[in-house]
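**Student:** Have a look at this one before I ask anything.
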Amino acid sequence: MEKLIITAAICGAEVTKEQNPAVPYTVAEIAAEAKAAYDAGAAIVHLHVRYDDGKPTQNHARFQECEEAIYKLCPDVILIPSTGGAVGMTPDERLDSTNTNPIPEMATLDCGTCNFGDEIFDNTMPMMRVFGKRMMEKGIKPEYECFEMGHLDTILTMARKGEVPGAPMQFNFVLGVPGCTPATVGNLQWLVNNIPAGSTWTATGIGRNAFTLAAPAIAMGGNVRVGFEDNLYLERGVLAKSNGELVAKVVKIAKEMGRGIATPAEARAILSLKK
Ligand code: KMH
Ligand code: ZN
């Protein structure tokens with residue numbers, strides 16, 4: 001089995017300091033949280049950024065500032081900026097995170113419209129074509145985020161038509177968002193059974209599903225994402241003090257199960273990244 005790639009989703013667009021005071025907003029806080037996750041074993045940081053007051057933004061200048069601060073502390077980390085942003089942002093606004101220098105190696109590409117708690121997260125096929133075209137033009141490898149079973153068929157059809165980048169594809173199955181596909185082992189297995197040979201995949205369990213989905217993903221040979229974007233608790237009733245604690249818990253589970261942890265260089269090789 002390949003080594004385990006751990007992604008830390010350190011910030012997200014929805015969670016707040018009122019829910020957990022350790023959620024980072026400022027550039028310095030975001031960089032410190034990335035470093036805590038990296039030191040604990042994360043090869044990848046999935047990045048959203050905020051203004052100092054906590055407001056989420058896709059502004060490329062703010063991404064640039066945060067990325068430079070992160071690279072200073074973690075020079076070889078793989079950054080996957082979000083193109084999902086926050087619910088309600090326009091496609092142009094969302095894609096601004098890819099206008100940094102250097103151009104990101106990877107970025108998320110969300111694979112369909114879905115419920116997102118009380119809201120609707122809009123990802124129509126015309127929107128996805130725009131995102132796919134931009135990533136092909138810029139040589140950005142997408143991380144295909146699937147929140148629903150049908151998202152997989154949508155993105156595979158688009159890849160077959162050449163509308164979004166094709167093989168080797170990297171999927172992130174984000175399960176347990178309220179209103180979307182539940183985070184069960186059966187659902188994860190179905191998704192994994194239906195990806196093309198040679199693909200790589202990551203599992204993300206939302207909220208209380210963070211570690212109950214991580215363990216089967218580790219056993220199945222997949223990769224794992226954890227972090228404040230997805231879950232604020234280390235265990236029931238205990239808030240995590242940093243993203244590093246969440247990553248360390250995944251490292252501990254993986255080590256108990258005999259799976260090694262990928263460095264950023266090893267993760268780049270597994271994901272077929274050029275750098
Ligand atoms: N903030 C969510 C609405 C992504 O990063 O690509 C969407 C999201 C997905 O976080
Ligand atoms: Zn995200």
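The values are calculated or read from the model by the stated rules, or taken from the named source; none is laboratory data. Keep in mind that this is a model prediction, so the values were computed, not measured. Heads up, the Cβs are rebuilt from the backbone with ideal geometry, glycines too, and the neighbour counts pull from every protein chain shown. Only protein heavy atoms, including side chains, enter the accessible area calculation; ligands, DNA and RNA are left aside. Shrake-Rupley method; radii C 1.70, N 1.55, O 1.52, S 1.80 Å.
**Student:** What lysines does residue 17 reach when the alpha-carbon gap must be under 16 Å and sequence neighbours fewer than 8 apart in one chain are set aside?
**Tutor:** Output for residue 17: 55, 241.
**Student:** How long is the gain from residue 199 to residue 90 if the chain were fully straight, where each residue apart is worth 0.36 nm and the alpha carbon distance is subtracted?
**Tutor:** Working it through step by step, the gained length comes to 36.3 nm.
**Student:** Taking the Cα centre of the chain as origin, sum charge times position over the Cβ atoms of Lys and Arg (+1) and Asp and Glu (-1), and report the length of that vector in debye to the nearest 20.
**Tutor:** Roughly 760 debye for the chain.
**Student:** Still on this structure, please answer the following. If I stretch the segment between residue 263 and residue 28 completely, what's the gain in nm (0.36 nm per residue apart, minus their alpha carbon distance), one decimal?
**Tutor:** Extra length from residue 263 to residue 28 when fully extended: 82.2 nm.
**Student:** Excluding residues fewer than 8 places away in the same chain, name every one of the lysines whose C-alpha is closer than 26 Å to that of residue 133.
**Tutor:** Those lysines meeting the cut-off are 141, 161, 274, 275.
**Student:** Among bridges DSSP assigns within segment 1-150, what percent are antiparallel (round to 5)?
**Tutor:** Of the beta bridges lying entirely in segment 1-150, close to 30 percent run antiparallel.
**Student:** Compute the distance in nm between two label points, each set 7 Å from the Cα along the Cα-to-Cβ direction, one at residue 64 and one at residue 138.
**Tutor:** My value for the distance between the label points is 1.3 nm.
**Student:** Let me check something: with ligands and nucleic acids excluded, how do 268, 129 order by accessible area (1.4 Å probe), largest to smallest?
**Tutor:** 129, 268
**Student:** How large, in percent, is the carbon and sulfur part of the accessible surface of the chain at a probe radius of 1.4 Å?
**Tutor:** 55
**Student:** Something else about it: Want the number for residue 120 to residue 52: 0.36 nm per residue separation, take away the alpha-carbon distance, what's left?
**Tutor:** 21.9 nm
**Student:** OK, next. At what distance in nm do the modelled label points of residue 129 and residue 160 sit from each other, each positioned 7 Å from its Cα along Cα→Cβ?
**Tutor:** If labels sit at residue 129 and residue 160, their model points lie 1.8 nm apart.
**Student:** For a quick check of your reading of the filter: which GluC sites (Glu not before Pro) in segment 13-49 sit in a DSSP loop and have no more than 10 other Cβ atoms within 10 Å?
**Tutor:** 18
**Student:** Here is a follow-up. Could you tell me the center-to-center distance, by alpha carbons, between segment 216-235 and segment 35-108 in angstrom?
**Tutor:** Comparing the Cα centres of segment 216-235 and segment 35-108, I get a distance of 19 Å.
**Student:** Just going by the charge dipole of the chain, with Lys and Arg at +1 and Asp and Glu at -1 on Cβ, which of 178, 192, 36 is farthest out on the positive end?
**Tutor:** The Cα lying farthest towards the positive end belongs to 192.
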